[in-house]
Structure formats: structure tokens, C-alpha cells
Amino acid sequence: MALKEQFEIPGGLKKWSYALMGVGALTLILGIVFLHPFSGGHGEAHGAEAYGATKFWMALMHNSIFWLLVVASSFFFICATTLAQGGWPLAFRRVPEAISGGMNVLGPVALVVLLAYVWISDDHHIYHWKDAAHLDEKLKAKSGFLNPTFYTVLSVTAVGLWMWFRNWFRKNSLAEDLAGKGDTSFYWKSLAIAAAFLVTYGLTVLSTLPWMWLMSIDAHWYSTMYSWYTFASSWVAGISLMMLFVVYLKNIGYLEFVNDEHIHDIGKFMFAFSIFWTYLWFSQFMLIWYSNQPEETEYFIDRVGIPGQPGPFKAIFILNLLINFLAPLLILMKRGSKRNYTIVTLMAVVIIFGHWLDFYQMVTPGPLQELGQESNSISHFLYSLGIGAGFLGLVIFLTARYLAKAPLLAKNHPLVKESVIHHT
Amino acid sequence: MSVKKFVVGCFDDEKTLFPAVKNTRKAGYKIHDVYTPFPIHGLDHAMGLRDTSLHTAGFIYGMTGTTTALTFMSWVFTKDWPLNIGGKPNLPLPAFIPIVFELTVLCAAVGMVLTFCYLCQLAPFVRRDHFHLRATDDLFVMPIEITEKTNAEEVKAFFKSAGAVEVFEKSAETGWWLGRYDSTKKAFEKEEEIVTA
């Protein structure tokens, strides 16, 4: 029996990714034409001119950060399982390897967006701290961390290191394919790369970077749970994206060593980390709700509002909990549903959308609140969705490209057999 | 409970045990149980055991804990003894959630452990026959029940062909009885006919 291990990009997938990227590009061009991203924002002028730029940059930042963290988290998955010497993902490990390849494009894209906002755009509603002339006392105290130079240095270093580690790992993994069977030097090297990457990831995504990229949007507010919360969100979305690609490849006849057991285990990850995300979400919410300090509750008032005066994001806030907690909890709890291709596909789509929505409500409410209630509109949501479609198309396109570049099974890896006979 | 007759096959390797279990089922013999020194992945599947309903029981215990915690705290803080704590409402759901969660976990965990012990008939001083002492050490032991339809000699021959290192006939109590492993010798005193393969 010949192994179908060299992926060829089907025409349908290509067409879809081009269509989605087309939607994204169109949205982007419309934004550049109508939202005037490089002017306005200064002064106290309100109206379409004043907050157009803010909306444009918010949509771009929301999507570029979200999709970058999602593809990065699939490399985190590889490293975590490699370092734990887990053999079971080997049957499909080329899939997260390909997804994380998207970092090579999404990383620079995110950096361009973030640095263009910080250095070129005149708008300062998203990052108050970038306007050094108008800092209040609190932001002055934070200015050692929150300033454009340090922002640039940290962002570039972090994204550069992720890409470097990912490409190094991939090179090692591909070299292993060509080496003889039984050569374990590649395996030990991959452990070392994984360990080094996890330290880098811990110091960036798990701590400093979400403070800088996202929490500083509400610059006066702070939460110690925030980075973990952001990480959990991107991580569970990353697992779901991996599930989508695995199910897709399986359905068109690839990945023949992947069976119900592997799908079940990825499903367990989706289930478990949805709960983990909820745990962090709730811990952040409850502590702030309980202690009731004005400087902390501000964040939630911007989103849900106060009793009798619901905030503009209340619906999204509640929907977020329903589809990111209740739906995975109830639907993925049963063993059978984690082994059902239709249900896991549906849930993966729901979870990715849910966490995209979660990032939306991390980024958007702060600046919109400041721009006034009239600025909050369904149109901004749709605009963000359009840009998001573009990024999704890009992720699909890049993943398909990287999948087609190498065989779908890392056949010389010492743990491959463990994955083939995997049993939950 | 009752004393039944068994033919016991002992294997010294997982690799011979698995095909033996499959062939036993194919031959139509009734596997009483398989005793192994450590848990073996996939053995339950090979033996054709159905999934236990332990997880359903766990869900029910969990829900019991959830409802107990929610109803009790709601009753205390709204009806029995309302307290104003930091200006929070009398029914502060976020503050209840950790306690609700803890009680859910507690009820589910304790309930499932007890149910598990009940299903396996594990309890202090409850004894069962394990067919072979080395089943707790380095031997995989599979007893087959001898009914009027099965021929003991045929089963013995079958075991030997399947790669058993030791085959013997044994009459054993299938239920449990009270006693202590360290003070009684009842289990080890039975007549055993040992045939070495």
C-alpha cells in the first residue's frame, strides 16, 4: 500500500484562501480610502474623521495579534509535547509545523501594523502612552515600560525569536527525514530547541507581550491574570485550528495513521483548554468584582456596563462566555462527541470564532468608550470581520503551502511507532 | 455466590496474552476475567468489555454537589440569614462559583471513588480469589469458566497452543468473602492440578 504522504494543494482550498484574502484586501483598501488611517485623531474633534483612524488600526491590530498568536501557539503545542516526550502527535505533527510556518509572514505583518501605529499614525486613542507629551501621572510612572522604543525592541525581539526557533525546529525535523533510521541526534536536538523556545515563549506570550500589545490599550488598568488569559485564548484557538486541518486532511485521504484516538486527544485538548480559559477569565473577573476597586472595575464597566445601564459590549461579553465555555463544556464533554468528526469540526469553528470575539472585546471597548457611544457600531464589527477573513485566508494559504513542502509523516522520528499504535 | 470450575491459563508476556484473549473470544469460550500485574492499554477492548457507567455516575454526583451548594447558599443568604457583605447583592453568584465548583468536585470525586470500589468489590477485609499469586507480580492470568458445554481438556490444549506457560484447573469462589489475606490461608490450600507447558 503506497502512503499518500505528499500533500498536493487541492484547487478548492486554493480558491477559498484566495477568496478570503480578496475579501481582506478589499476591506483593507476600503479602510485606507474611507477611514483615513494616517490622519486625524489629534485634537478633541469628534466625528467620522476623528475616529476613523482609530477604528482602522483597531481592526488591524486585533486581527494581526490574534492570528499571529494562534499560529505561534501551534508551535507551542509542538514544543510542549516534544519536551514532554509525548509521542502521540507524531502522526500529524507536520500539520502544526505547517501552521506555525505562517509565523514567517504573519509575524512581519503584525510587526508592520503595530510599529506603523506606534511610529507613523497620528492616532493615540488605542495607545495613550505613545503620546509622550500628554502623559498623566500614572502613565508617567509606567513610561519606563510603555514607551515606543521599548515597545519596538521587545516586539521585534520576541517575534524574531519565535520565527527563528520555529524555522530551526523545522529544519531539524526535515533533516531527520533524510537521515538514516535510528539516528536519534535530531530527536535530542529537537528537545533542546523546544526547551529554549518554551523559555522564550514563557517570557513573551505568557507574561510581557500581552501587557504591551493588548493590556496597554486600557493603559490605566492592570490585571495579573491578563497574559495567561490571552495565552489561553490563543492556545485553545490554535488547537482548534490544528483540529480543523487534521480533519480536513483526513477527509481528503491523507494522514492515514491518524485515527479516532488522535482526534479524541486533540478534542480533549480543546475541551480542557476551553475550561482552562474560563478558569482564567473567571479568576480575573471575580477578583475585580469582589474587591471593587474603581481603577480595576473600569475595564468591566467599559464592557458590560453597570446595573441599569448596560454597556455597549454586554451582548458580546455574554456571547463570549456562552460559546467559549458553555458550548465546549456541554458538547465536548462526552467521549463520543470528541470522536465524531462533524461535532469536533463544528466546535473547532465555534471556538476559533469565539476567541476571535474574545480578542475583539479585549481590544475594542477601551478606545470606543473614549470616542463616545455613537462611535460604537455594527459597522466596526463587520470591518474587523472583513479584515479577519483576510487573515484567515492568509493562514489557510500559508499552511497549505508549508504542508505541500514536506512529507506529511516525520518517518524517522523515534516515536512514530508510539503514535501509530496510540490508544487513549 | 458460588464455587465454579475454571481452567486457568497463565502467560508471561503481553504479546502472547493479546492474541490469546482474541482467540479465546473467537473460539467462543467464556473469559471470567484477566488478571494482570499492571494496567494494559486496549485489553478491555480486546476482552469485549462494555464501557462502565462510572462517568455517568460521576456526572450525577457532580450535579448533586452543584445543586446542593447553590440551593444551600441561596437559602442561607436570601432567606435564613441575609448579610450585607461589602455592598454586594444578597445573591452574589460570582462569589458562589468557587464554592459551587469545590462541592461539585468533592461530590464527584468521593462518589466516583466509592462507586468504583463498589463496582470492583474492593473494601477492607473483603477477599476474592485471584487464581494465581503471581498475577500481582509478573504473570498474566486468564481463567475460563467450565460449563457443561465446555470440555476442560480442550481448553487446556487451547491454552497451551496459545502460548501459556502454565495451565491448571481450579475450583474457585467467584464472589467475595470476609477475611484477611495475612491471617487465613484458605485461598492457597485448594487442590490445584498443575500442568506445565
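Just to be sure I understand, how many residues within the range B:136-162 are under 23 Å from residue B:43 (Cβ atoms), outside any strand (DSSP E or B) and over 15 Å from the mean Cα position of the chain (by Cα)?
So the answer is 12.
Residues checked against (1) in contact with a Ser or Thr (Cβ under 7 Å, 6 or more places away or on another chain); (2) in contact (Cβ under 8 Å) with a residue 60 or more places away in the chain; (3) within 14 Å of chain A (Cβ to nearest Cβ):
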position: B:5; (1), (2), (3): yes, yes, no
position: B:24; (1), (2), (3): no, yes, no
position: B:32; (1), (2), (3): no, yes, no
position: B:36; (1), (2), (3): no, yes, no
position: B:39; (1), (2), (3): no, no, yes
position: B:42; (1), (2), (3): no, no, yes
position: B:54; (1), (2), (3): yes, yes, yes
position: B:60; (1), (2), (3): no, no, yes
position: B:65; (1), (2), (3): yes, no, no
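Any chance the range A:220-237 includes a residue that's free of Cβ contacts under 8 Å to residues at least 40 places away in the same chain, surrounded by 18 or more Cβ atoms within 10 Å (Cβ to Cβ) and within 17 Å of the chain's Cα centre (by Cα)?
Within the range A:220-237 (the criterion being free of Cβ contacts under 8 Å to residues at least 40 places away in the same chain, surrounded by 18 or more Cβ atoms within 10 Å (Cβ to Cβ) and within 17 Å of the chain's Cα centre (by Cα)), the answer is yes, since at least one residue qualifies.
Restricting attention to the range A:294-309, report how many residues are without any contact (Cβ under 8 Å) to a residue 60 or more places away in the chain and either surrounded by 16 or more Cβ atoms within 10 Å (Cβ to Cβ) or not hydrophobic (A, V, I, L, M, F, W, C) (or both).
8
Please determine, by comparing only the residues of the range A:297-336 that are within 14 Å of chain B (Cβ to nearest Cβ) and over 25 Å from the mean Cα position of the chain (by Cα), which one is farthest from residue A:265 (Cα to Cα).
For the range A:297-336, the residue satisfying everything is A:308.
Could you list all residues from the range B:71-108 that are touching a Phe, Trp or Tyr at 6+ places or on another chain (Cβ under 8 Å), within 14 Å of chain A (Cβ to nearest Cβ) and in a helix (DSSP H, G or I)?
B:94, B:95, B:97, B:108
So, in the range B:13-56, exactly how many residues are touching an Asp or Glu at 6+ places or on another chain (Cβ under 8 Å) and either charged (D, E, K, R) or assigned to a helix (DSSP H, G or I) (or both)?
1
Taking the range A:337-375 as the region of interest, how many residues are under 24 Å from the mean Cα position of the chain (by Cα) and closer than 25 Å to residue A:265 by Cα?
18
FYI, it's all coordinate maths here, none of it is from the lab. None of these values were measured; they are calculated from a predicted model. Note that each Cβ is placed from the backbone with ideal geometry, even for glycine, and that neighbours are counted across all protein chains shown.
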